[in-house]
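Asker: Here it is, the structure in full.
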Amino acid sequence: MTRTDVDTDVPADAEAHVCSYCGRPFAREKYLVLHRGLAHPDDVSDGERDAYERAYAEEQADIDRFRIVALGVLVVIYFGFLFAYAVFAA
Amino acid sequence: MARRRRLRATLSSLAVATAFAGTAAAHSGSLRGATQESLAVPTWLFLLTGGGAVGASFLLASFVTDRRFVEQLHAWHRSLPTPGRFVTRAARLAAVGVLLSTVAFGFVAPDEQLRNLAILVVWVAWWGGFVASTYLLGNAWPALNPVRALADALPSLDRPYPERLGAWPSVAALLALVWIEVVSPLADDPRLLATVVLVYTLVTVGGAVVVGAERWFTSVDPLSRAFRYYGHVAPIQRTDDGLRLRLPGAALPETAVSGRDEVAFVVALLFVTTYDGFVATGLWATIARTVAGVGVPPTLIYLGAYLGGFVLFLGAFRWAARDARRRAESYLTPEYLARRFAPSLLAIAAGYHLAHNLGSVLLLSPTLVAVATSPLSPPLNPPQLAGLPGWFGGLELAFVLVGHLLAVWVAHATAYDAFPGRLQAVRSQYAVTLVMVLYTMTSLWIVSEPYVPPPFIAT
Ligand SMILES: [Zn+2]
């Protein structure tokens, strides 16, 4: 899709992990690893593919944590409105 | 919208006069009458609920983390038969006929809003009906565009178009057209409407002759650009392999507009509807009268709010794009992110347009048919629908909300495509979601406010 045809701008003092296939820079190595697997699935080496799959699985753990927080916020929104309607809507 | 409400204000008073008092009274209170007051929900809670729905839908969308699912959903398509050359030729010829007769009847038919074919064709059939079809079905404007048909029939000078202008002339032209619509009685005065249509046609044909039709309608003409953008929301998409059926909005994440100028056009498309509604609220009437009280000319007040509001909208969207870059720890430029996320706003603009116009289209379609059958001597009281059921107001609010929900989803899918990390994608959406929540609340507030004639310009 459009994962390689992008405009980027790296701040002067920042470190960049640059994709060797398309030249797109990333702020963290894990983003580069994920990008290689997503944007260049047919070009990556076996090692890069393994790294991508590991990073994807690690990301899943972070996502699970985010989901718990998101679920909590949804519950607060739901009961907040339930309460507000019970009190303020005649 | 001021115009729609003006049309509808006419409708309600007519309906009252012709003993449809019950329905009209239920309806003339506008959306709020139908939905909110019957439930007796305070305004702040009503607005907060709309904003809360958008915020909650962002959280719900963030639960969809399966990249393959998102991609398959957006890649789904079916091929459709393409209409033949004969059909498109006939349709275009008919469109030219409609354009010419609109201008002609605008000048010679009765000088009354609901008895003049020009008013009904432009506002009901074209602005209400056809424009809705560009995002509900697909953009047929390139095939129909009668002004383009006229321009294509003329030779072109093919002078070079100044590339550095980009899409800015279309941004300026869109702002100018809507400005004329807001400050003049364009929905009430058939002669004025016919003049504006004629001037638009002449300017457009002239421009197309100078720089070439293709260039003019791609870069400069605001209507072609607006319908092209609306068409990105639609399920029927035109591709090199013919027509394709896709899910509504599915084409948006792969649609990046090409520069700041095109981002500005998308934001302008959203802003003009908001402005049109905002100047018809009691709050604006108070502000305008107060500022005019200290000696500022009314035109300047309207123009200041118009340009200031547009810059504010543009600023809010650019801020969201910069925040997306920072939170996602991305090296993508804010300009690139603005170009990627701008198309999601089109779903909001479409929902807003439908909410504002569907009612008038339904109420006035019998009028259109009756007047079209005898444009020079239309019935004294052309028929119209007696009224819309009370739940219709709720349906209009639902359109506004569905537009926002689709936009949240599109932004989610776009972020998945733009960022390699899925949490990056979620974090990039915080500011975008905040802006959308504020915008939902603003637009719900506008549509729920009773219509107050804009001071100094109301007719
Ligand atoms: Zn790459």
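The values are calculated or read from the model by the stated rules, or taken from the named source; none is laboratory data. All values derive from a computational prediction rather than experimental measurement. Methodologically, a virtual Cβ is constructed for each residue, glycine included, from the backbone with ideal geometry; neighbour enumeration extends over all protein chains shown. Keep in mind that these areas ignore ligands, DNA and RNA; they rest on the heavy atoms of the full protein, side chains included. Shrake-Rupley method; radii C 1.70, N 1.55, O 1.52, S 1.80 Å.
Asker: Looking at the stretch B:128-140, is at least one residue within 30 Å of B:S377 (Cβ to Cβ) and either in contact with a strand residue (DSSP E or B) (Cβ under 6 Å, 6 or more places away or on another chain) or at pLDDT below 95 (or both)?
Answerer: Yes, there is a match, as at least one residue in the stretch B:128-140 is within 30 Å of B:S377 (Cβ to Cβ) and either in contact with a strand residue (DSSP E or B) (Cβ under 6 Å, 6 or more places away or on another chain) or at pLDDT below 95 (or both).
Asker: Got a sec? Which of B:R228, B:R215, B:R159 is open to solvent by 20 Å² or more (accessible area, probe 1.4 Å) and within 30 Å of B:R78 (Cα to Cα)?
Answerer: Details: B:R215 fails: within 30 Å of B:R78 (Cα to Cα); B:R159 fails: within 30 Å of B:R78 (Cα to Cα).
Result of the check over B:R228, B:R215, B:R159: B:R228.
Asker: Okay, moving on. When you go through (1) touching a Pro at 6+ places or on another chain (Cβ under 8 Å); (2) closer than 30 Å to A:D62 by Cα one by one for B:V408, which number turns out not to apply?
Answerer: (1) is the only condition that B:V408 fails.
Asker: For residues that are more than 28 Å from B:T201 (Cβ to Cβ) and open to solvent by 10 Å² or more (accessible area, probe 1.4 Å), tally how many sit in the stretch B:231-258. Before you say what the answer is, go through the steps one by one.
Answerer: Of all residues in the stretch B:231-258, those more than 28 Å from B:T201 (Cβ to Cβ) come to B:235, B:237, B:239-256.
Adding the requirement that they be open to solvent by 10 Å² or more (accessible area, probe 1.4 Å) leaves B:235, B:237, B:239-248, B:254-256.
Matching residues across the stretch B:231-258 total 15.
Asker: Just for the stretch A:17-29: of the residues that are more than 7 Å from chain B (Cβ to nearest Cβ) and under 18 Å from the mean Cα position of the chain (by Cα), which one is farthest from the ligand (Cβ to nearest atom)? Outline the logic, then answer.
Answerer: So in the stretch A:17-29, the residues more than 7 Å from chain B (Cβ to nearest Cβ) come out as A:17-24, A:29.
Adding the requirement that they be under 18 Å from the mean Cα position of the chain (by Cα) leaves A:17-19, A:24, A:29.
Details: A:H17: 11, A:V18: 9, A:C19: 3, A:R24: 5, A:E29: 13 Å.
Top of the filtered list is A:E29.
Asker: Let me ask another. Is it the case that B:P162 is more than 25 Å from B:L114 (Cβ to Cβ) and modelled with pLDDT under 95? Working first, answer last.
Answerer: On the way: more than 25 Å from B:L114 (Cβ to Cβ): yes; modelled with pLDDT under 95: yes.
So B:P162 fits the description; yes.
Asker: Just a yes or no: is a residue in the stretch B:369-383 closer than 25 Å to B:V435 by Cβ and outside any loop (DSSP other than H, G, I, E, B)? Walk me through how you get there before you give the answer.
Answerer: From the stretch B:369-383, those closer than 25 Å to B:V435 by Cβ are none; that's our starting set.
Within the stretch B:369-383, none of the residues are closer than 25 Å to B:V435 by Cβ and outside any loop (DSSP other than H, G, I, E, B).
Asker: While we're looking at this one, here's another question. Somewhere in the stretch A:40-52, is a residue under 26 Å from B:A338 (Cβ atoms), surrounded by 15 or more Cβ atoms within 10 Å (Cβ to Cβ) and within 10 Å of chain B (Cβ to nearest Cβ)?
Answerer: Among the residues of the stretch A:40-52, not one is under 26 Å from B:A338 (Cβ atoms), surrounded by 15 or more Cβ atoms within 10 Å (Cβ to Cβ) and within 10 Å of chain B (Cβ to nearest Cβ), which makes the answer no.
Asker: Return the only residue of A:F88, A:F79 being open to solvent by 50 Å² or more (accessible area, probe 1.4 Å), out of contact with any helix residue (DSSP H, G or I) (no Cβ under 7 Å at 6 or more places or on another chain), among the aromatic types (F, W, Y) and more than 12 Å from the ligand (Cβ to nearest atom).
Answerer: Working: A:F88 fails: out of contact with any helix residue (DSSP H, G or I) (no Cβ under 7 Å at 6 or more places or on another chain).
Criteria check complete, one pass: A:F79.
Asker: Something else now. Assess whether B:V294 counts as being crowded, with 20+ Cβ neighbours inside 10 Å and not charged (D, E, K, R). Reasoning before the result, please.
Answerer: Values: crowded, with 20+ Cβ neighbours inside 10 Å: no; not charged (D, E, K, R): yes.
Considered against the rule, which asks whether it is crowded, with 20+ Cβ neighbours inside 10 Å and not charged (D, E, K, R), B:V294 comes out as no.
Asker: To continue, here is another question. In the stretch B:45-76, what count of residues is obtained for those that are closer than 20 Å to B:E254 by Cα and open to solvent by 70 Å² or more (accessible area, probe 1.4 Å)? Walk me through it before giving the result.
Answerer: The first filter runs over the stretch B:45-76 and keeps only residues closer than 20 Å to B:E254 by Cα, leaving B:58, B:61-62, B:64-76.
Right, trim to open to solvent by 70 Å² or more (accessible area, probe 1.4 Å) and you get B:66, B:68-69, B:71-72, B:76.
The qualifying residues number 6.
Asker: Filter the stretch B:84-96 down to the residues that are without any contact (Cβ under 8 Å) to a residue 40 or more places away in the chain and either open to solvent by 50 Å² or more (accessible area, probe 1.4 Å) or assigned to a helix (DSSP H, G or I) (or both) and list them by number.
Answerer: Within the stretch B:84-96, B:R85, B:F86, B:V87, B:R89, B:A90, B:A94 qualify.
Asker: Same structure, new question: Given the criteria open to solvent by 40 Å² or more (accessible area, probe 1.4 Å) and within 18 Å of the chain's Cα centre (by Cα), does B:W123 qualify?
Answerer: Numbers: open to solvent by 40 Å² or more (accessible area, probe 1.4 Å): no; within 18 Å of the chain's Cα centre (by Cα): yes.
So B:W123 does not fit the description; no.
Asker: Now a separate question. Do you know which residues across the stretch A:30-51 are more than 12 Å from the ligand (Cβ to nearest atom) and either within 14 Å of the chain's Cα centre (by Cα) or outside any loop (DSSP other than H, G, I, E, B) (or both)?
Answerer: Answer for the stretch A:30-51, where residues must be more than 12 Å from the ligand (Cβ to nearest atom) and either within 14 Å of the chain's Cα centre (by Cα) or outside any loop (DSSP other than H, G, I, E, B) (or both): A:K30, A:D46, A:G47, A:R49, A:D50, A:A51.
Asker: Identify all residues within the stretch B:128-182 that are of a type in the set (K, R) and not in a helix (DSSP H, G or I); write none if there are none. Break it down stepwise before answering.
Answerer: At the first step, the residues of the stretch B:128-182 found to be of a type in the set (K, R) are B:148, B:159, B:164.
Once the filter is applied, which keeps residues that are of a type in the set (K, R) and not in a helix (DSSP H, G or I), the stretch B:128-182 yields only B:R159.
Asker: Anything in the stretch A:55-90 that is facing chain B (nearest Cβ under 9 Å) and small (G, A, S)? List them, or say none.
Answerer: Matches in the stretch A:55-90: A:A55, A:A70, A:G80, A:A84, A:A89, A:A90.
Asker: Then there is this: Within the stretch A:64-90, count every residue that is of a type in the set (A, V, I, L, M) and out of contact with any Leu (no Cβ under 9 Å at 6 or more places or on another chain).
Answerer: First, pick out the residues of the stretch A:64-90 that are of a type in the set (A, V, I, L, M): A:68-71, A:73-77, A:82, A:84, A:86-87, A:89-90.
Then keep just the ones that are out of contact with any Leu (no Cβ under 9 Å at 6 or more places or on another chain); that gives A:68-69, A:75-76, A:82, A:86-87.
Count: 7.
Asker: Hey, among B:L438, B:L401, B:L397, which residue is at pLDDT below 95, within 18 Å of the chain's Cα centre (by Cα) and within 27 Å of B:W319 (Cβ to Cβ)? Full working, then the answer.
Answerer: Details: B:L438 fails: within 18 Å of the chain's Cα centre (by Cα); B:L397 fails: within 27 Å of B:W319 (Cβ to Cβ).
That would be B:L401, the only listed residue that is at pLDDT below 95, within 18 Å of the chain's Cα centre (by Cα) and within 27 Å of B:W319 (Cβ to Cβ).
Asker: Quick check on A:D9: is it open to solvent by 60 Å² or more (accessible area, probe 1.4 Å) and within 16 Å of the ligand (Cβ to nearest atom)?
Answerer: Values: open to solvent by 60 Å² or more (accessible area, probe 1.4 Å): yes; within 16 Å of the ligand (Cβ to nearest atom): no.
It is false that A:D9 is open to solvent by 60 Å² or more (accessible area, probe 1.4 Å) and within 16 Å of the ligand (Cβ to nearest atom).
Asker: Just for helices (runs of 4 or more DSSP H) wholly inside the stretch B:215-320: which have at least 1 residues that are under 24 Å from B:G166 (Cα atoms)? I'd like the intermediate steps shown before the answer.
Answerer: On the way: elements: B:222-233, B:260-278, B:282-293.
Result: B:222-233, B:260-278.
Asker: Looking at B:L358, is it open to solvent by 40 Å² or more (accessible area, probe 1.4 Å) and either at pLDDT 90 or above or assigned to a helix (DSSP H, G or I) (or both)?
Answerer: yes
Asker: Do the conditions hold for B:A226, that is, is it modelled with pLDDT under 95, closer than 28 Å to B:P253 by Cβ and aliphatic (A, V, I, L, M)? Give the derivation first.
Answerer: On the way: modelled with pLDDT under 95: no; closer than 28 Å to B:P253 by Cβ: yes; aliphatic (A, V, I, L, M): yes.
No: the conditions fail for B:A226.
Asker: Of (1) out of contact with any Gly (no Cβ under 8 Å at 6 or more places or on another chain); (2) within 14 Å of chain A (Cβ to nearest Cβ), B:R318 satisfies all except one. Which?
Answerer: (2)
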